[in-house]
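Right, one structure below, let's go through it.
The values are calculated or read from the model by the stated rules, or taken from the named source; none is laboratory data. These numbers were taken from a predicted model, which means no experiment stands behind them. Counting neighbours? That spans all protein chains shown, and the Cβs are built from the backbone with ideal geometry, glycine included. Note: accessible area is taken over every heavy atom of the protein model, side chains too, but ligands, DNA and RNA are not part of it. Shrake-Rupley method; radii C 1.70, N 1.55, O 1.52, S 1.80 Å.
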Amino acid sequence: MPIKPDIITSNGHIRLIGTKDANALADYYARNRTHFLPWEPVRGADFYEVETMFNRILEAEGAFYADQQVKLGVFSLQHQRMIASIDFSQIVRGPLQSCFLGFSIDAQRQGQGLMQEFMPWCLEYMFNHFNIHRVMATYMVTNHRSKALLERLGFEKEGYAKSYLNIAGTWEDHILTALVNPSH
């Protein structure tokens with residue numbers, strides 16, 4: 001059984017999102033609905049319901065124990081409100097040992113260097129506890145904040161994917177990047 005992450009940084013508590021966090025996750029997405037709109041797929045109204053979040057968390061918990069996904073939440077130390085989401089999905093084993101990284105941060109906390117603080121801990125967890133060799137991340141060509149963060153974390157550009165994901169109702173081009181486990 002994998003070790004659940006429980007990481008305290010200067011500005012947040014990073015841990016696996018559990019079913020007890022359904023309200024916090026629904027609140028996080030509701031608070032940031034407009035902020036996330038240009039960067040995510042079109043969401044139906046039911047996406048923002050607590051029941052939907054509960055079911056998404058149940059699915060993510062099963063995927064965690066099946067060695068397929070690690071869905072992390074970052075919670076404020078002051079009020080335990082969710083302030084960021086960091087998700088390692090599509091874990092592939094065998095000779096590849098890889099996964100995809102997705103992340104978001106609360107609109108009110110953007111631009112404070114918090115993802116630069118949280119992300120190295122999460123990557124270290126994936127490299128050392130999940131023995132991941134390669135973490136891949138993509139970002140929309142127009143997403144300069146994600147580009148800058150990934151560059152600061154050491155992700156290297158590996159390609160350009162035309163019409164890669166349907167974001168906000170439009171097929172968007174993405175930059176493909178990856179970070180290889182420094183101990184491999």
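Rolling a 1.4 Å probe over the protein heavy atoms gives the chain an accessible area of 52 Å² per residue. Which percent of the Cα-Cα distances in the range 1-80 go past 21 Å? That tail contains 34 percent of the Cα-Cα pairs. Straight Cα distances below 13 angstrom link Lys71 to the aspartates and glutamates Asp6, Asp21, Glu59, Glu61, Asp87, with same-chain residues fewer than 8 positions distant left out.
If you take the alpha carbon atoms of the chain and fit the smallest convex hull around them, that volume is 119 Å³ per residue. Considering only Asn128, Val92, Gly154, the residue lying farthest towards the positive end of the dipole of the range 46-184 is Gly154, judged by Cα position with unit charges set on Cβ.
So which helices of the chain fit the span-like rule, where a helix is a whole DSSP H run, its Cα atoms reach 24 Å or more along the axis, and its mean Kyte-Doolittle is at least -1.0?
none
First obtain the Kirkwood hydrodynamic radius of the range 121-184 from its Cα pairs, then insert it into the Stokes-Einstein equation at 10 °C and 1.306 mPa s, and state the resulting D in µm² per second as a whole number. Spell out each step's value before the answer.
Numbers: Rh = 12.6 Å.
Using the Kirkwood radius from Cα pairs, D works out to 126 µm²/s.
Counting only protein heavy atoms and using a 1.4 Å probe, what share of the accessible area of the range 1-119 belongs to carbon plus sulfur, as a whole percent?
C and S fraction of accessible area: 53 percent.
Based on the Kirkwood approach, the hydrodynamic radius assigned to the range 54-131 is 13.5 Å, with every pair of different Cα atoms included.
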